[in-house]
Every structure is written in structure tokens, then in C-alpha cells.
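One structure below.
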Amino acid sequence: MTTSLKIVVIGTGHVGLVSVATLASFGHTVVGFDVNADTITRLRAGEVHFHEPGLADLLAEGVAAGRVTFTADPAEALQGADVAFICVGTPTSGEDDLESLDLSMVQAAARVVIDYADGATVIVEKSTVPPGTGDRIEAMIALHGRTGELTVASNPEFLREGQAVEDTLRPDRIVVGANDEATHAVMEAVYAPQLAQHGCPYVATDRVTAEIIKQASNAFLAMKISFINEIAALCESTGADVNAVADGMGHDRRIGRAFLNAGIGYGGSCFPKDVTGLYAVFRDHDLVGQVIGSVQWSNEQAMEWPVKALKRALWNLKGSTIAVLGAAFKPHTDDVRESVALHVVDALLAAGAKVRLTDPVALPKAAAVVDGEGLTMCTSAEEAVTGADAVFLATEWPEYVRLSPAELASWLATPIAVDGRIVWDGDAFEAAGFTFHQVGRKPGGRNGNQ
Ligand code: UGA
């Protein structure tokens, strides 16, 4: 038998809103709480403030069924709540020490529960936090005399932006860490309806173990990407094919093919922050963490590839016009945080190139972070590429992957294409007369002799 719970989700960003929609879809009553009253007004009007496929529809279903509401009033949100998920941001100033991670919003969210929960409530950390954060929240609970009523669990999320709804509805596993049986029992009730519909491993641990599972998972995936990016550089030097290497490795079930797509380095709001964050945790415990420490360094090398390739092809960047396809850090999202595409745009502008940038959904967010003389925002690939000296594919949106060499050649001033995501057919581009550069491929053809 499953029980319907009252759940509060604190923070209506990516993780928070997806949590609201999916928890409600499994029959719980869910309140989305945010201190930003404007965001709540927009959500009440059915407006989702970022691009995530399927999310607006699932939220609308929850609202129509009477299971989803939004409020900026903490007392209303917490009234009768069984569980309060903390889904707030954990910004970083980018340095690789623990002090650079700002956990004040996590602390403020915990404080809201401590101040307004009117009975027994489980506080759940869903935001990615360093190990030991749950202990700090527990200490706050004790300080405010609410031990016994309020307990703390860690329940990390593993969703990918752009596939967040599907990842959350049908995850590979659910991880819950708590230090007492009663808290575990409440969390089992949260996930019982979901597990009844889509069984997946339910990993129950103590709290700090769950906190580390999250950071270690992200760091491991980032390490896989950095590893294949280094192999890609070797393939470029030797004439080997990095995708065939990844396929050959990936058939080994101990390795797996996923996250072995070489490219221009990882970006986004998670991997860069979580890799440097975990490295900082190691050092905080007087440990070395050499493997993790080198992942970020390796990623920075991969991020330099596009500018080097464009320089090889164009000779001088100064005075050249380059069309950049994609601004988002990956397809199917408008998120541009730590987007390698924008890092490349900045580097090209700094080198004196003119850049014509386009993206199907991320241009408004890109415009807020990149700027400069020589930058033109274009609303279509055709507009961006027309008259450019070279085209650089930064984000593998399906509409860019589908572009043909003939089409691109008819728009470009000179037939130069640089593929940072290994999605264009190099042989077809070379047959069409292109100077073609691709990650993990020897310039001038597979064997470098054309
Ligand atoms: C990542 C993790 O995949 C999620 O499991 C996790 O929940 C999330 O972080 C988080 O901590 O919130 P996300 O950052 O949304 O998800 O996106 P990914 O699909 O993991 O891509 C991250 C970056 O790696 C992108 O820039 C992508 O282009 C790059 N990438 C990914 C590669 O270069 N190669 C690959 O094979 C895969």
C-alpha cells in the first residue's frame, strides 16, 4: 500500500521544478516554494522560466489534478509537511577551495523549515552539497531546539538537463542516505509509488555516504569525458578514429560506451563545479585526490581545441568572421552556464575575430553573458553562416547535425568547417571541397594525407 504525502520543494529552479512535477505525478501533494515572489506568480500562470522538454506539461497535469501548488509564503508551504526537499542553488566563485562554494541558500532553506514546520518533517538535501552538510543542518536543528521533530536525509538527483523529466521518472537508481530508521521509512514512502511503477535499485545508506555518491558519480562521469578527450588528441596525432576507439572500449561492460563522446570539454552548472568541489573536499581532509585534480586541468586543454583548430584552418583569426552554431552547454536546454561554446566565443573575440552566434533557444541567456565588439546574434544557422569564413559547430542541436556540406558551402564565403562534437561526416565534407577539422580526427583526412 502506498501513502500520499505532503511534500514541500524549496527552490523552483531546474532540480526543484522537476521534483515538483514528478513527485506529484506519483500521487503526492506537492507545494513549490520560492522566496522569489515573481517566479511564483509566473509559475501560477503556468509559465516555466527555463527550457526543459516535457516539464511544463507535467506541471500542468499536476496543477489540473489539484496536486501541485506554488507559494512564496513559508508558513503556508510548510503547514502539515511530511517532507521538505531543499533544491536551491549552490553557486561558486570558481576557486578550487571549499570557501568558494556558497552554501548560504542551503542554510537559509533549512532555516525556513526549522522556523515554519508545524510537526515532524524530514529535511531532504537534493542540492549537490559537500559531505558533512547534513551534519551542519542537524546541528542547526539542535540549536533551535527541534531535535526529534526534524531529521535530515540526503537524496541526490542524477537528472541531466534537457532529459530531466525522463531521467527523474525512470532513474537508473534512487539513492537515499539517512542516519535513522524512521527517516528512512518516510523516504521509502516518498518513493514507494514510483518504485511500484518503474522498479529500479533503491540504494539506502547513511547520510554522508549518499552525499559522496552524488559528488563521486559526477566526478567519475567528468573523468570519463576528460579521458576520451585525451585519447581524441592522440587519435588526431596518429590518424586513429576516436569514435571507433570509444565503441571498441565501450563494448566492455566494465567500461560502458556512455559519456565517452569526445568533444570540446564538459560545461554546465554541475561537472565543472562538482569536480573542483570534490577536489577541494579532498584537500580539506588533507588528502591528495590526484586523479580528480587532473580532470579539470584536462578539461581546460579540451576547451582550447576549437580556437587551435580554427587558427590552423584560417591562419589568422584577426579579421576573420566565424559562425558559431550553438551557445547552450548541450542541446535541448537554454542553459549557458560554463558553456564551452561561449568560452570559445570570448576567445575568438579576444583574438580579433568577428563572431556570428546562433542557438535555437539559448540566445537570450547567451546575450546576458557574452558581449563585445564583433559579436552578432543570429536567429538561424543560415543567417549566422552566410558570408562567414568558417563555421564552428559547438553544440550538437539536431538541426545543426542535419546541415549538409552543400548547404553550408552555399552560405559560407570559404568552405571551412570545424566540428567540435564529431557529428558531421568528415569524408562527405572533404568530398565537397571543405577544409575540415574534427575532434579526434587527423586534419586533412583520416590518414592525414589528403
Ligand atoms: C550532469 C550529470 O550527467 C547528471 O547525472 C547530474 O544529475 C547533473 O550533472 C547534476 O549534477 O545536476 P548535466 O550537467 O545536465 O548532467 O549534463 P550532461 O549530459 O551530463 O553533460 C555535461 C557536459 O558534458 C556537457 O557539456 C556535455 O556536452 C558534456 N559531455 C557529456 C561530453 O562532452 N561527452 C559526453 O560523452 C557526455
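The values are calculated or read from the model by the stated rules, or taken from the named source; none is laboratory data. Everything quoted here is computed from the prediction, not taken from an experiment. Here the Cβ is made from the backbone with ideal geometry for all residues, glycine too, and neighbour counts use every protein chain on show.
Residue by residue, here is whether (1) of a type in the set (Phe, Trp, Tyr); (2) buried (at least 20 other Cβ atoms within 10 Å of the Cβ) holds:
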{"position": "277", "(1), (2)": "no, yes"}
{"position": "283", "(1), (2)": "no, no"}
{"position": "292", "(1), (2)": "no, yes"}
{"position": "297", "(1), (2)": "yes, no"}
{"position": "302", "(1), (2)": "no, yes"}
{"position": "305", "(1), (2)": "yes, yes"}
{"position": "319", "(1), (2)": "no, no"}
{"position": "323", "(1), (2)": "no, yes"}
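Beta carbons closer than 7 Å, at least 6 apart along the sequence or on distinct chains, pair a first residue in the range 252-279 that is among the aliphatic types (A, V, I, L, M) with a second that is in a loop (DSSP other than H, G, I, E, B) for 262/422; 262/439; 262/440; 264/394; 264/420; 264/439.
Taking the criterion of being modelled with pLDDT of 95 or more and surrounded by fewer than 21 Cβ atoms within 10 Å (Cβ to Cβ), the residues of the range 371-391 that qualify are 374, 375, 376, 377, 378, 379, 380, 382, 383, 386, 387, 389. Just to verify a result, which residue in the range 157-166, among those that are more than 6 Å from the ligand (Cβ to nearest atom) and not in a helix (DSSP H, G or I), is nearest to residue 203 (Cα to Cα)? Residue satisfying both the conditions and the ranking: 163.
Of the helices (runs of 4 or more DSSP H) contained entirely in the range 252-336, those carrying at least 1 residues that are closer than 17 Å to residue 419 by Cα fall at 290-303, 305-314.
Only residues that are within 16 Å of the ligand (Cβ to nearest atom) and modelled with pLDDT under 95 were counted across the range 135-156, and they come to 0. Between 240, 246, 233, the distinction of being out of contact with any Ser or Thr (no Cβ under 9 Å at 6 or more places or on another chain) and either of a type in the set (Asp, Glu) or within 9 Å of the ligand (Cβ to nearest atom) (or both) belongs to 246 only. A single entry from 84, 75 fulfils the requirement of being in contact with a Phe, Trp or Tyr (Cβ under 8 Å, 6 or more places away or on another chain) and small (Gly, Ala, Ser): 75.
Among the residues of the range 340-348, not a single one is under 18 Å from residue 386 (Cα atoms), in contact (Cβ under 8 Å) with a residue 12 or more places away in the chain and in a strand (DSSP E or B). Considering only residues in the range 167-187 that are loosely packed, with under 15 Cβ neighbours inside 10 Å and within 12 Å of the ligand (Cβ to nearest atom), the one that is nearest to residue 213 (Cα to Cα) turns out to be 173.
Within the range 138-153, the set of residues being surrounded by fewer than 24 Cβ atoms within 10 Å (Cβ to Cβ) and within 32 Å of the chain's Cα centre (by Cα) comprises 138, 139, 140, 141, 150. The C-beta contact set for the range 409-423 (first residue at positive phi, second residue in a loop (DSSP other than H, G, I, E, B), distance under 9 angstrom, 6+ apart or interchain) comprises 422/261; 422/262; 422/263; 422/396; 422/439; 422/440; 422/441. Suppose we filter 81, 109, 56 for residues that are hydrophobic (A, V, I, L, M, F, W, C) and free of Cβ contacts under 8 Å to residues at least 12 places away in the same chain; which single one remains? Exactly one of 81, 109, 56 is hydrophobic (A, V, I, L, M, F, W, C) and free of Cβ contacts under 8 Å to residues at least 12 places away in the same chain, namely 56.
Beta carbons closer than 8 Å, at least 6 apart along the sequence or on distinct chains, pair a first residue in the range 217-243 that is part of a helix (DSSP H, G or I) with a second that is hydroxyl-bearing (Ser, Thr, Tyr) and near the ligand (Cβ under 10 Å from one of its atoms) for 218/128; 222/266; 225/266; 226/266.
Consider residue 353 carefully, then state whether it is hydrophobic (A, V, I, L, M, F, W, C) and within 21 Å of the chain's Cα centre (by Cα). In short, no. Taken over the range 222-243, the residue count meeting the criterion of being surrounded by fewer than 19 Cβ atoms within 10 Å (Cβ to Cβ) and among the small types (Gly, Ala, Ser) is 4. The set of residues from the range 6-21 being more than 15 Å from the ligand (Cβ to nearest atom) and crowded, with 22+ Cβ neighbours inside 10 Å comprises 7, 8, 9, 10, 12, 20, 21.
Selection of first residues in the range 300-311 that are under 16 Å from residue 276 (Cα atoms) and basic (Lys, Arg) and of second residues that are loosely packed, with under 14 Cβ neighbours inside 10 Å and at pLDDT 95 or above, restricted to Cβ pairs under 8 Å at least 6 apart or on distinct chains, gives an empty result.
Regarding the range 96-113, can at least one residue be identified that is touching a helix residue (DSSP H, G or I) at 6+ places or on another chain (Cβ under 6 Å) and closer than 15 Å to residue 34 by Cα? Yes, the range 96-113 contains at least one residue that is touching a helix residue (DSSP H, G or I) at 6+ places or on another chain (Cβ under 6 Å) and closer than 15 Å to residue 34 by Cα.
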